[in-house]
Each structure stands twice: as structure tokens, then as C-alpha cells.
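I have a structure I would like to understand better, so I am pasting it below and will then ask my questions one at a time.
The values are calculated or read from the model by the stated rules, or taken from the named source; none is laboratory data. As the structure is a prediction and not an experimental result, all values here were calculated from the model. With ideal geometry, Cβ positions are generated from the backbone for all residues, glycine too; neighbour counts draw on all protein chains shown.
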Amino acid sequence: MDKLLEDLIRVMTLERLEDNLFRGQSRDIGSPQVYGGQVLGQALVAASATMSGRMVHSLHAYFLRRGDFNSPIVYEVDRAWDGKHFSTRRVIAIQHGEQIFNMSASFQAPETGLDHQAQMPIVPPPESLRDQDTYYREAGAVVPRGLLKLMERRRPFQFRPVQPPDFARTAPQPACKQVWFRATDPLPDDEALHRCLLAYASDFQLLDTALKPHALPLTTKMAMASIDHAMWFHRDLRVDDWLLYVLDSPSASGARGFSRGSIFSRDGRLLASVAQEGLIRVLE
């Protein structure tokens with residue numbers, strides 16, 4: 001298995017301190033704080049560890065403080081409710097004695113019922129597209145060195161954008177994009193693991209979509225961070241198969257950008273829906 005993906009699985013494997021108390025480690029991915037998707041994924045791992053026979057179908061989370069990747073994060077799970085078909089868990093992430101994140105998640109026992117979905121847009125297959133890293137390697141002339149170093153850092157997921165990235169940002173663009181992505185290597189047959197890893201990967205791409213209409217040069221000083229994140233899991237999934245992330249941003253105002261995402265399997269099944277609001281504060 002790819003070493004970065006293997007390390008991600010290790011990060012997603014929490015140490016159990018008590019029945020409802022877990023501890024996780026962090027990784028520096030080049031950002032000034034812990035990557036939000038890591039905290040989201042670890043919180044879902046903690047909540048899932050208190051369940052049996054039920055799978056997460058929705059989560060709603062708030063990012064409260066920056067996470068320090070040099071210190072462990074403790075996850076406290078509140079077993080809020082266990083009903084006949086549904087269970088609810090609340091998770092608080094604690095670091096240096098303070099809450100940095102909280103999340104509510106709902107789990108459901110397997111059921112059958114009505115079934116319909118939105119259609120996946122028609123886009124080129126991932127094999128016909130260039131990997132995101134190839135665009136980064138060609139972007140040195142227009143991207144500041146520090147940002148380029150962050151962009152070129154290897155990740156446990158592959159990304160193949162349908163629309164070539166516009167690093168020059170000389171003109172406004174529509175607030176939408178599509179990106180194929182998948183884990184870099186095959187993973188075990190564990191539905192809970194695949195959903196936790198999808199939560200991890202879902203935090204990529206969202207905030208950037210809200211920037212597209214504004215043609216801000218990459219030298220612009222900005223403060224950017226996820227504020228809240230919601231996710232709905234519709235169908236069983238695998239993150240080691242190609243998935244299409246269809247994103248748009250209906251609004252930006254008040255130093256906040258709002259983005260939505262639909263995640264489709266390669267054969268067109270709608271697997272998950274995502275919504276996020278993030279801080280986008282221009283500092284100059």
C-alpha cells in the first residue's frame with residue numbers, strides 16, 4: 001500500500017482511552033493548522049466505534065478553534081440516543097483543554113425504501129484527464145514559492161480536475177467545478193472506513209470553489225478556514241474507486257463563502273452530498 005495512504009489509515013485508527021473517550025494524532029499537510037478533514041474523519045471514527053450494525057447517514061460539524069498538529073486530540077463521544085432504527089452521537093474534540101470542534105452524527109440500521117437521485121453530469125473519464133500534480137509542476141511562474149510548496153505536497157488521494165486550474169486568475173470564472181478523485185491504493189472491504197475516509201477527503205476543493213468568481217491573485221493575503229461542514233451519505237461507497245466531486249458555490253458574503261458538493265460513483269450513483277461554509281477574509 002502507498003505509504004501516505006497507509007499513514008492516513010494509521011491516523012484514522014484512534015487510541016481508545018475509555019468506552020467513550022478516544023485519542024488521535026495529527027499530520028502536518030503544510031497548512032498552518034490541522035487539516036479540517038482530518039478532525040472530521042477522526043470524529044466520525046470515534047462515533048462509529050460506539051455503534052454496532054448501523055452506518056452513518058448524516059453528520060453536522062463546527063470547527064471552533066485551530067488544531068495544533070504537534071499535540072494529540074481527544075475525542076469525547078456522547079451516546080445521545082439509540083432508537084429502534086436510528087442512533088445519534090455527539091462528539092467533542094478537545095486539545096489543550098479547549099474544544100476545537102464538535103459534531104452530531106446520525107446512524108441507521110439497514111432498510112429498503114423509495115429510491116431516486118439527481119443525475120451525474122456528463123464529463124470526460126478520469127483516464128483522459130491530467131493529474132492535479134502535473135498542473136502544479138507547471139505553475140511555478142505564477143504561484144508564489146511558499147504556496148507552490150504546499151500545493152506540491154503529496155497526498156493519499158489522487159485528484160484529476162475536469163477543468164484545468166487557472167493559477168493566473170486574471171478573470172472571474174463561474175463558481176463551479178468537477179474533480180475526479182480516489183485513494184492512491186486499494187483499501188479493505190470496510191464500509192465504515194470508506195465513509196470516514198470520504199469525510200476526510202470531502203474537505204478538499206470546497207473553499208476554493210467560492211474563490212473562483214473573484215479573480216484574486218495568488219499573492220492576495222487571505223485568512224481561510226472551514227467554519228461548518230455537513231454531509232449526507234446516501235449509498236454504500238468505495239473511496240479507492242474513482243469518484244466525481246461536483247461542486248458549486250451559490251454565495252459569498254460577510255467574509256464567508258458557501259459551497260456545496262455532490263459525490264458520484266463512476267457508474268453514476270449519487271453517494272453523498274456535502275455543504276460547507278468557510279471563512280474567506282481578504283487581509284489587504
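Scan Thr112, Thr88 and give me the residue that is outside any strand (DSSP E or B), among the hydroxyl-bearing types (Ser, Thr, Tyr) and surrounded by fewer than 20 Cβ atoms within 10 Å (Cβ to Cβ). Steps first, answer last, please.
Working: Thr88 fails: outside any strand (DSSP E or B).
Exactly one of Thr112, Thr88 is outside any strand (DSSP E or B), among the hydroxyl-bearing types (Ser, Thr, Tyr) and surrounded by fewer than 20 Cβ atoms within 10 Å (Cβ to Cβ), namely Thr112.
Now, a different point. Answer with yes or no whether Ser58 is under 19 Å from Ala272 (Cβ atoms), of a type in the set (S, T, N, Q), more than 16 Å from the chain's Cα centre (by Cα) and crowded, with 16+ Cβ neighbours inside 10 Å. Walk me through it before giving the result.
On the way: under 19 Å from Ala272 (Cβ atoms): yes; of a type in the set (S, T, N, Q): yes; more than 16 Å from the chain's Cα centre (by Cα): no; crowded, with 16+ Cβ neighbours inside 10 Å: yes.
When the stated conditions are applied, Ser58 does not pass them.
Among Gln178, Gln99, which is polar (S, T, N, Q), surrounded by fewer than 16 Cβ atoms within 10 Å (Cβ to Cβ) and modelled with pLDDT of 95 or more? Steps first, answer last, please.
Working: Gln178 fails: surrounded by fewer than 16 Cβ atoms within 10 Å (Cβ to Cβ).
Among Gln178, Gln99, only Gln99 is polar (S, T, N, Q), surrounded by fewer than 16 Cβ atoms within 10 Å (Cβ to Cβ) and modelled with pLDDT of 95 or more.
Kindly evaluate Ser259 against the criterion of being more than 21 Å from Ala192 (Cα to Cα), hydroxyl-bearing (Ser, Thr, Tyr) and surrounded by fewer than 17 Cβ atoms within 10 Å (Cβ to Cβ).
Details: more than 21 Å from Ala192 (Cα to Cα): yes; hydroxyl-bearing (Ser, Thr, Tyr): yes; surrounded by fewer than 17 Cβ atoms within 10 Å (Cβ to Cβ): no.
In short, no.
Go through the stretch 9-19 and count every residue that is assigned to a loop (DSSP other than H, G, I, E, B) and touching a Phe, Trp or Tyr at 6+ places or on another chain (Cβ under 9 Å).
Let us first name the residues in the stretch 9-19 that are assigned to a loop (DSSP other than H, G, I, E, B), namely 12-14, 19.
Next, only the ones that are touching a Phe, Trp or Tyr at 6+ places or on another chain (Cβ under 9 Å) stay: 12, 14.
Residues that pass the stated criteria total 2.
Let me ask another. Quick check on the stretch 61-82: of everything there that is among the small types (Gly, Ala, Ser) and loosely packed, with under 14 Cβ neighbours inside 10 Å, which residue is farthest from Gly97 (Cα to Cα)? Give the derivation first.
Taking the stretch 61-82 and keeping what is among the small types (Gly, Ala, Ser), we get 61, 67, 71, 80.
In the following step, the residues that additionally are loosely packed, with under 14 Cβ neighbours inside 10 Å were identified as 71, 80.
Working: Ser71: 12, Ala80: 23 Å.
Filtering first and then ranking leaves Ala80.
Tell me, which residue of the stretch 1-30 that is touching a helix residue (DSSP H, G or I) at 6+ places or on another chain (Cβ under 7 Å) and surrounded by fewer than 23 Cβ atoms within 10 Å (Cβ to Cβ) is farthest from Pro110 (Cα to Cα)? Quick ask: steps written out before the conclusion?
Going through the stretch 1-30, the residues touching a helix residue (DSSP H, G or I) at 6+ places or on another chain (Cβ under 7 Å) turn out to be 11-12, 14, 22, 24-27, 30.
If we keep only those that are surrounded by fewer than 23 Cβ atoms within 10 Å (Cβ to Cβ) too, we end up with 11-12, 14, 24-27, 30.
Values: Val11: 28, Met12: 24, Leu14: 26, Gly24: 29, Gln25: 32, Ser26: 33, Arg27: 34, Gly30: 39 Å.
So the residue we want is Gly30.
Which one of these does Leu148 not meet: (1) farther than 30 Å from Ser52 by Cα; (2) modelled with pLDDT of 80 or more?
It is condition (2) that Leu148 fails.
Same structure again: Being crowded, with 17+ Cβ neighbours inside 10 Å, more than 16 Å from the chain's Cα centre (by Cα) and not in a strand (DSSP E or B) is true for just one of Ala43, Ala47. Which residue is that?
On inspection, the qualifying residue turns out to be Ala47.
Now for a separate question. For the stretch 50-85, give me each residue that is in a loop (DSSP other than H, G, I, E, B) and of a type in the set (S, T, N, Q). Steps first, please.
In the first step, residues of the stretch 50-85 are kept if they are in a loop (DSSP other than H, G, I, E, B); the result is 50-54, 64-72, 83-85.
Thr50, Ser52, Asn70, Ser71 - these are the residues of the stretch 50-85 that are in a loop (DSSP other than H, G, I, E, B) and of a type in the set (S, T, N, Q).
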